[in-house]
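Beneath this line is the structure, given in structure tokens, with notes to follow.
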Amino acid sequence: MAVATAQPRQPRPAQSEALRDDSGVIREQPLSSGQVTGRVEVPVRAGETPVTIRSIAPTGGGQYRIVFTDLDLDGDGFISRSEAAANPSLEAEFDALDSRRRGQLDRADLAGWLVD
């Protein structure tokens, strides 16, 4: 009877990709510009600098709820950059939402935005 022996598996090399410049997708807003929606005081030891964390509602009153079919004018199942221009909030956030850098957004990319 032959005895089977396990062969050690060679690890696969790690896959990597070049870092991309996302500096244009971060939006800043002064702390005094919006309504404070939450506030937490972080406990610190005596003599340390107090820490307060605040959440602030974005200014500008953007439209962050969309009906996909209203913007997908050509019916191809994607919203292109030119189609997104019909919604100023979506146009401003397009690069942040297009994480796969395809130049178009599908329903998965817009999961938090969709009404339909």
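Tell me, which residue of segment 38-55 that is among the hydroxyl-bearing types (Ser, Thr, Tyr) and loosely packed, with under 10 Cβ neighbours inside 10 Å is modelled with the highest pLDDT?
First pass over segment 38-55, keeping only residues among the hydroxyl-bearing types (Ser, Thr, Tyr): 49, 52, 55.
Then drop every residue that is not loosely packed, with under 10 Cβ neighbours inside 10 Å, which leaves 49, 52.
Values: THR49: 89, THR52: 84.
Applying the filter and picking the extreme gives THR49.
A quick yes/no check of all residues on (1) at pLDDT below 90; (2) more than 26 Å from LEU110 (Cα to Cα):
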| position | (1), (2) |
| --- | --- |
| GLN7 | yes, yes |
| ALA18 | yes, no |
| GLN35 | yes, no |
| TYR64 | yes, no |
| LEU71 | no, no |
| ASP76 | no, no |
| SER82 | no, no |
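Does GLU91 meet the test of being under 26 Å from GLN35 (Cα atoms), charged (D, E, K, R) and either modelled with pLDDT under 90 or surrounded by 14 or more Cβ atoms within 10 Å (Cβ to Cβ) (or both)?
On the way: under 26 Å from GLN35 (Cα atoms): yes; charged (D, E, K, R): yes; either modelled with pLDDT under 90 or surrounded by 14 or more Cβ atoms within 10 Å (Cβ to Cβ) (or both): yes.
Judged against the criteria, GLU91 is a match.
How many residues does segment 69-84 hold that are of a type in the set (Gly, Ala, Ser) and either within 19 Å of VAL115 (Cβ to Cβ) or touching a Cys at 6+ places or on another chain (Cβ under 6 Å) (or both)?
If we filter segment 69-84 for residues that are of a type in the set (Gly, Ala, Ser), which is where we start, we get 75, 77, 80, 82, 84.
Filter again for either within 19 Å of VAL115 (Cβ to Cβ) or touching a Cys at 6+ places or on another chain (Cβ under 6 Å) (or both), leaving 75, 77, 84.
Of the residues in segment 69-84, 3 are of a type in the set (Gly, Ala, Ser) and either within 19 Å of VAL115 (Cβ to Cβ) or touching a Cys at 6+ places or on another chain (Cβ under 6 Å) (or both).
The values are calculated or read from the model by the stated rules, or taken from the named source; none is laboratory data. Remember, it's a predicted structure, so these values are computed and weren't measured experimentally. Glycine also receives a Cβ, built like all others from the backbone with ideal geometry; neighbour counts cover every protein chain displayed.
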